[in-house]
1. Could you figure out which of (1) more than 12 Å from the ligand (Cβ to nearest atom); (2) farther than 23 Å from residue 107 by Cα isn't true of residue 78?
2. Report yes if residue 14 is on the phi > 0 side of the Ramachandran plot, surrounded by 24 or more Cβ atoms within 10 Å (Cβ to Cβ) and within 11 Å of the ligand (Cβ to nearest atom), otherwise no.
3. Exactly one of (1) touching a Gly at 6+ places or on another chain (Cβ under 9 Å); (2) touching a residue at least 40 places away in the same chain (Cβ under 8 Å) is unmet by residue 267. Its number?
4. Which residues, counting only those in the stretch 54-103, are assigned to a helix (DSSP H, G or I), under 22 Å from residue 121 (Cβ atoms) and either open to solvent by 30 Å² or more (accessible area, probe 1.4 Å) or not hydroxyl-bearing (Ser, Thr, Tyr) (or both)?
5. Filter the stretch 62-78 for residues that are of a type in the set (Lys, Arg) and under 17 Å from residue 31 (Cβ atoms) and give the result.
6. Quick check on my filter: what residues within the stretch 58-75 are away from the ligand (no atom under 12 Å from the Cβ) and β-branched (Val, Ile, Thr)?
Amino acid sequence: MAIGVIGAGTMGLGVAQALAAAGHQVTAVDPVPAALNSAPDRLRAGLRAAVLLGRQEAATTGSTAERIRFTAELKDLHNASFLIECAPERISLKQDLYSALDTLCSRDTVIATCTSAIPVELLSIRVQAPERILGMHFMNPAYAKDAVEVIRGKDTGDATLARAHHLLHTMGKKGIVVHDAPGFVSNRVLMATVNDAATVVQEGTADATAVDAIFQDCFGHAMGPLRTADLIGLDIIVDTLHVLRELTDSPQFTPCALLARLVAQGKLGRKTGEGFHRYATQQA
Ligand SMILES: NC(=O)c1ccc[n+]([C@@H]2O[C@H](COP(=O)([O-])OP(=O)(O)OC[C@H]3O[C@@H](n4cnc5c(N)ncnc54)[C@H](O)[C@@H]3O)[C@@H](O)[C@H]2O)c1
């Protein structure tokens, strides 16, 4: 199957890697030169991580990398049968992209958005055949997660949903289907928690280490909310909170001052080596 991935950042690259590891040929598009130029190095780091995590045999990483072609040109996706969109979390940017894809691709092409919080319907209104649009909310790192939140928009067709499930099956992943809403299930709940956890640190009730320890050691979660936020990227957290604030009008989604300050200081989490916590090396 010819698969296109749009945006070769944290998510796009992880999704491309997971697809290629499953044997698919992938064309990954990124119009930003710095992102495009760094993509092969970041892919190699992701493949090393997949081997370390026991998700892939070292001997297969070369052939996985060879299945991914990087390009700056959206038009190179014209004959893809399935697209996974991992562009920045900005409503207007994604809507413009869907208008362009509608002109470029055939009406049979399934387009899945990896958005964190934007309802599928806000994107599918930009295309002529909205039954082929759905959400496939992979989590980071995409190659290491067993399940994907699948969002069925009000116009998403049964055939589209079946094609998405089939693709996930080829990748060894399970789809969990939910209905369309701002933030769906995952980020409606997680973003409010992260914002509250950051507010607790801001107010001096506990530091980030103690907050995460409460969730890990008392509740038994695999990772606390602030370490999770560092893994997602604090810039992505703030973008997602803005989307949720705009679409729900709920003040609980107004990013707290500490989150905004860390982003302004370039402390974006693991990808920059520091966020709520410090990391020994920058991780892909
Ligand atoms: N980071 C996470 O943990 C996570 C998890 C699930 C979903 N998401 C969602 O996935 C999407 C991508 O997030 P990310 O973390 O990979 O962000 P990112 O900033 O790492 O990557 C976005 C990429 O899109 C590229 N880009 C910029 N303008 C573009 C355009 N017009 N068309 C195509 N690409 C463009 C950028 O150069 C960048 O490489 C967002 O919608 C985000 O909310 C993120």
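The values are calculated or read from the model by the stated rules, or taken from the named source; none is laboratory data. It should be emphasised that the depicted structure is a prediction, and the values quoted were computed from it without experimental measurement. Glycine gets a Cβ as well: all are built from the backbone with ideal geometry, and neighbour counts include every protein chain shown. Ligands, DNA and RNA are stripped out before the accessible areas are found, and what is left, the full protein with its side chains, is counted by its heavy atoms. Shrake-Rupley method; radii C 1.70, N 1.55, O 1.52, S 1.80 Å.
1. So residue 78 meets the others, but not (2).
2. For residue 14, the condition - on the phi > 0 side of the Ramachandran plot, surrounded by 24 or more Cβ atoms within 10 Å (Cβ to Cβ) and within 11 Å of the ligand (Cβ to nearest atom) - is not met.
3. (2)
4. 91, 92, 93, 94, 95, 96, 97, 99, 100, 101, 102, 103
5. Within the stretch 62-78, 69, 75 meet the criteria.
6. 60, 61, 64, 68
Listed here are the residues, each with its yes/no results for (1) touching a residue at least 60 places away in the same chain (Cβ under 8 Å); (2) outside the structural domain of residue 93 (by TED's automatic domain parsing); (3) within 12 Å of the ligand (Cβ to nearest atom); (4) farther than 25 Å from residue 88 by Cα.
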{"residue": "200", "(1), (2), (3), (4)": "no, yes, no, yes"}
{"residue": "205", "(1), (2), (3), (4)": "no, yes, no, yes"}
{"residue": "220", "(1), (2), (3), (4)": "no, yes, no, yes"}
{"residue": "231", "(1), (2), (3), (4)": "yes, yes, yes, no"}
{"residue": "241", "(1), (2), (3), (4)": "no, yes, yes, no"}
{"residue": "247", "(1), (2), (3), (4)": "yes, yes, no, no"}
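Results for (1) of a type in the set (D, E, K, R); (2) closer than 24 Å to residue 262 by Cβ; (3) open to solvent by 60 Å² or more (accessible area, probe 1.4 Å), shown as yes or no for each residue.
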| residue | (1), (2), (3) |
| --- | --- |
| 138 | no, no, no |
| 141 | no, yes, no |
| 146 | yes, no, yes |
| 185 | no, no, yes |
| 195 | no, yes, no |
| 201 | no, yes, no |
